Amino acid sequence: LAKEAGKNRYQLFDPVSDRRAQTHREYLQRLEQALAAREFVLYYQPKVDLSDGRLLGVEALIRWQRPDHGLVSPGEFLPHLQSSHLELAVGGWVIEEALDQAQRWREQGLDLCVSVNVSAAQLQQPGFHDWLEIALRRHPGQAPELFELEVLETAQIEDMDAAVTILRRCGELGVRFALDDFGTGYSSLTYLRKLPVQTLKIDQSFVRGMLGNADDMGIVDGVIRMALAFRMEVVAEGVETLAHGRVLLQLGCHRMQGYGIARPMPAEALADWLETWQREAPWRQLHAPAAL
Ligand code: C2E
Ligand code: MG
Ligand code: MG
Ligand code: MG
C-alpha cells in the first residue's frame with residue numbers, strides 16, 4: 001500500500017509512466033498505420049433465440065490482424081484509441097465495414113440484423129447523425145431496422161438529456177439501440193424509461209456467475225423482469241453452456257449470445273456455422289416449457 005501511495009505521489013516525474021506515455025504514442029502511430037493498411041477486421045458473433053434456435057442477428061467485434069502478431073483483441077488496443085483522434089476514424093470504419101458485410105450476406109441470401117458497438121465519443125461527436133444517415137443511404141439494401149448500435153451502459157455520457165436527443169434522432173432513421181453490459185453501470189430507472197433503447201444486454205459477468213451465485217441470479221432475474229416491464233427486449237451475453245441457456249429460458253429470456261452458442265468468427269465462416277447449428281439443433285435438448 002505504501003508503495004502504491006508513493007507511486008501516485010511521484011507520478012508526474014515517474015520514468016515508468018513517462019515510458020508508458022511514449023509507448024502509448026508509438027502504439028497509436030502503429031494503429032494509424034493499421035487503419036491505412038486495412039489490418040482491422042470484424043468478427044461476428046451470432047445472437048440466437050434459444051427457444052427455437054432462430055438466428056436473430058450478429059454482433060460485429062473488431063480485431064487487429066497484426067502481421068507477425070496474429071489476432072489482437074479489442075481489450076488490448078481500444079484503450080489506446082480512446083480519446084485519440086483515431087477513435088472516431090476507426091469507429092466510422094467499423095460501421096461502414098459492417099454495413100458492407102451485411103450487403104455481401106444479403107447477396108448470398110442471408111438477411112441479417114447486424115449490431116455494432118459504438119463508443120460514447122462516437123455517438124456524441126457533432127454530426128454523427130448526419131454521417132450515419134449518409135452511411136445508411138450508401139447501403140440502400142440494408143433496412144435500418146436491421147441495424148443496431150450497442151452503447152455501453154457505463155459509457156461516459158456527460159449530458160444525459162443530450163444523449164437522449166441523439167438517440168432519438170438516430171432512432172428516427174430507423175436504427176435500433178441496445179444498452180450493452182447492462183447491470184455494470186449506473187442507469188437510473190428514470191433515464192432507462194426515457195432512453196429510446198429497444199434492448200438491454202445483460203452483462204456476461206452476471207450470466208456466467210448466476211448458476212453458482214444467488215446474487216448474480218437475482219440480478220439476471222431482475223433485469224429480465226425490468227426489460228419486460230419496460231417492453232424492451234433482453235439479450236443474455238456470456239452464455240457459455242446449455243445449462244445457462246436452460247435457466248435463462250426458465251427466467252423468461254430467450255435471446256442469447258455466448259461461446260456456448262458460437263464464438264465470434266470471420267464473416268466467411270457464418271454460413272457454415274449456421275448450417276451446422278441448424279442440423280445439430282442443440283436447443284432441442286433444452287425442452288423449454290411450452291409456455292415460453
Ligand atoms: P461486448 O460488446 O460486450 O462484446 C462481448 C465480448 O465478450 C466480446 O469480446 C466477445 O468475444 C466476448 N464473449 C462473447 N461470448 C462470450 C462467452 O460466452 N464467454 C466469454 N468469456 N466471453 C464472451 P471482444 O470481442 O474481445 O470485445 C470486447 C469488448 O470490446 C466488447 O464488449 C466491446 O465493448 C468492445 N468492442 C469490440 N468491438 C468494438 C468496436 O468495433 N467498437 C467499439 N467501440 N467497441 C468494440
Ligand atoms: Mg457489444
Ligand atoms: Mg457486452
Ligand atoms: Mg463488454
Checklist outcome for this item: Membrane-span-like helices (DSSP H runs, Cα span along own axis at least 30 Å, mean Kyte-Doolittle at least -0.5) in the chain -> 86-107
Item to check | Heavy-atom surface of the chain, accessible at 1.4 Å and reported per residue (Å²) | outcome: 53 Å²
Checklist entry - Cα gyration tensor of segment 55-206, axes a ≥ b ≥ c as square roots of the eigenvalues: rounded (a/c below 1.5), prolate (a/b > b/c) or oblate? => result rounded
Checklist entry - How much accessible surface does Leu28 have with a 1.4 Å probe, in Å² rounded to 10? => result 20 Å²
Next on the checklist: At a threshold of 8 angstrom on Cα-Cα distance, excluding pairs fewer than six apart, so keeping six or more, what relative contact order does segment 40-91 reach in percent?
Outcome noted: 26 percent
Item to check | segment 138-292: relative contact order as a whole-number percent, Cα under 8 Å and 6+ apart | outcome: 16 percent
Next on the checklist: If you average the C-alpha positions of segment 50-101 and of segment 116-143 separately, how far apart do those two centres end up, in angstrom?
Outcome noted: 15 Å
Checklist outcome for this item: For Asp52, Asp111, the accessible-area ranking with a 1.4 Å probe, largest leading, is Asp111, Asp52
Item to check | DSSP-defined antiparallel bridges as percent of all bridges, the chain, nearest 5 | outcome: 45 percent
Checklist entry - Rounded to a whole number of µm²/s, how large is the Stokes-Einstein D of segment 207-292 at 10 °C and 1.306 mPa s, given Rh as the Kirkwood radius over C-alpha pairs? => result 114 µm²/s
Item to check | Sorted largest first, extent of the chain alpha carbons per principal axis (Å) | outcome: 65, 50, 43
Item to check | Relative contact order, percent, the chain [alpha-carbon distance under 8 Å, six or more residues apart] | outcome: 17 percent
Next on the checklist: Considering only protein heavy atoms and a probe of 1.4 Å, how much of the accessible area of the chain is carbon and sulfur, as a whole percent?
Outcome noted: 52 percent
Item to check | At most 16 other Cβ within 10 Å, DSSP loop - trypsin sites (Lys or Arg not before Pro), segment 199-292 | outcome: Arg231
Item to check | Largest to smallest accessible area among Tyr44, Tyr259, Tyr191 [probe 1.4 Å] | outcome: Tyr259, Tyr191, Tyr44
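The values are calculated or read from the model by the stated rules, or taken from the named source; none is laboratory data. The model shown is predicted, which means the values in this text are computed figures rather than measured ones. A quick note on method: Cβ atoms are made from the backbone with ideal geometry, for glycine too, and the neighbour counts reach across all protein chains shown. Just so you know, the surface numbers come from the protein's heavy atoms only, side chains and all, with ligands and any DNA or RNA stripped out. Shrake-Rupley method; radii C 1.70, N 1.55, O 1.52, S 1.80 Å.
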